[in-house]
1. For region 318-364 and region 144-194, what is the separation of their C-alpha centers, rounded to whole Å?
2. Quick one: 3J(HN,Hα) in Hz for region 67-82, Karplus 6.51/-1.76/1.60 with θ = phi - 60°, rounded, Gly and Pro as x.
3. For the chain, what % of the accessible area comes from carbon and sulfur atoms, probe 1.4 Å?
4. Write out the GluC sites (Glu not before Pro) in region 230-311 meeting two conditions: DSSP loop, and at most 12 other Cβ atoms within 10 Å of their Cβ.
5. I'd like to check one number: the per residue accessible area of the chain, probe 1.4 Å, reported in Å² as a whole number.
6. Can you list the HN-Hα couplings for region 273-281, worked out from phi with the Karplus curve (6.51, -1.76, 1.60; θ = phi - 60°), rounded to whole Hz and with x for Gly and Pro?
7. Where the centroid of each part is defined by its Cα atoms, how far is region 104-139 from region 232-303 in Å?
8. Percent relative contact order of region 16-243, based on C-alpha pairs within less than 8 angstrom and at least six residues apart?
Amino acid sequence: MKASIPVYQPELTGNEKLYVQECLDTSWISSRGRFVSEFETEFAKAVTTSYAISVSNGTTALHLALVALDIGPGDEVIVPSFTYIASVNAIHYVGATPVFVDIEPQSWQMDCAQVEKAITSKTRAIMAVHIYGHPCDLPTLAALAKQHQLRLVEDCAEAFGSLVDNRHVGNIADIATYSFFGNKTITTGEGGMVVTNNEGLATRVRHLKGQGLMEGREYWHDIVGYNYRMTNICAAIGLAQLEQAEQFLANKKRIAAYYRTNLAAVPVAFQQIQDNVEHSWWMVSILAETATVRDHLREHLQRAGIETRPLFNPVHLMPMYFNEGLTLPVSETLAPRGLNLPSWPGLSEEQLRYIVRTIEQFFR
Ligand SMILES: *Cc1c(COP(=O)(O)O)cnc(C)c1O
């Protein structure tokens, strides 16, 4: 079988078309309309937070979260280097300084001992990123934040459906964010959400995302805001996606279990699942023994029509954030050995078998 299997593709087989058609038929295509508020309400229910505020993407969600917390110049925010660039850029946007920490080699999540060491008198917040859907050690991070009077922000872009102690991620932090880019667990095309259990923060995020418009007074703006609104069309897709979320998550779990069981005898390593967490498997990722083996494995899979992705490159090595004196050995050695396997919920048993067989063949 010569297949062409992408690393990700959204499943748009529910009510997406019906709801988008309704936007077109009723001409509610901008950021007002029933789907925006319904998607927010249903999303808050799905992740059990009191408030959910839709925005234009996951990066603007992070930006608003930091603005709402009043983080700015002179402040330090502790963040893992092993993350998608947006987590760090958001810190830069508000004029604060990202302080990078390494990850734990088992879970690939930010190392809490290093977080504690990185705290200075300038530290204002910890940004916890749940990489690839495995939650960070939130209880420890929350305790550190409390002890040192820091804000806790969760970047849940990759962690829709992830649980810690049977609670959804995004509930322990002061404020948390999601992304609905096309390859995220649920998608709106481009989109994001800010969630919080704090009414004051929720009000501030709403105010900021709509140009700082004052309530009850037309064309009167009392703060410098942004246009970070989500459209009704995107929210229509999001609502339809949310209706299928349980199914997506169950399928992703099945896919992860398949890879883990059937690749057990192959010399690759998986993220190790820590106690008391539920991994939502945004991307199933493996590590080869060396970077060279990883590169050859990716080429072998590519030739067989199977797309893979490299893991994220550590951000502290990129030119904008490069710091001569800083080495983070786990991130620097782990990232080049890793790859994401096809992880979308619609993968068939036959496709999974083919991927596993192709990997086995490479190692024989
Ligand atoms: C996808 C992602 C984002 C940003 O999402 P966009 O919607 O693409 O702006 C932020 N952080 C992490 C960890 C992500 O994976």
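The values are calculated or read from the model by the stated rules, or taken from the named source; none is laboratory data. A quick note: this is a predicted structure, and the numbers were derived from the prediction, not measured. Don't worry about glycine lacking a Cβ; one is built from the backbone with ideal geometry, like all the others, and counts go over all protein chains shown. Note: areas computed on protein heavy atoms with side chains; ligands, DNA, RNA excluded. Shrake-Rupley method; radii C 1.70, N 1.55, O 1.52, S 1.80 Å.
1. Using only Cα atoms, the two centres lie 23 Å from each other.
2. Listing the rounded values in order: 4, 4, 7, 6, 8, x, x, x, 8, 10, 10, 8, 8, x, 6, 7 Hz.
3. Values: 8070 of 15990 Å².
About 50 percent, which is the carbon plus sulfur part of the accessible surface.
4. On the way: sites: E243, E246, E278, E289, E299, E307; in loops: E289, E307.
Listed in order of number, the matching sites are E289.
5. Working: 15990 Å² over 364 residues.
On a per-residue basis, the chain sits at 44 Å².
6. 3J(HN,Hα) across region 273-281, in whole Hz: 7, 7, 5, 6, 10, 10, 7, 9, 6.
7. 22
8. Values: 506 pairs, mean separation 64.2, N = 228.
The normalised contact order for region 16-243 reaches 28 percent.
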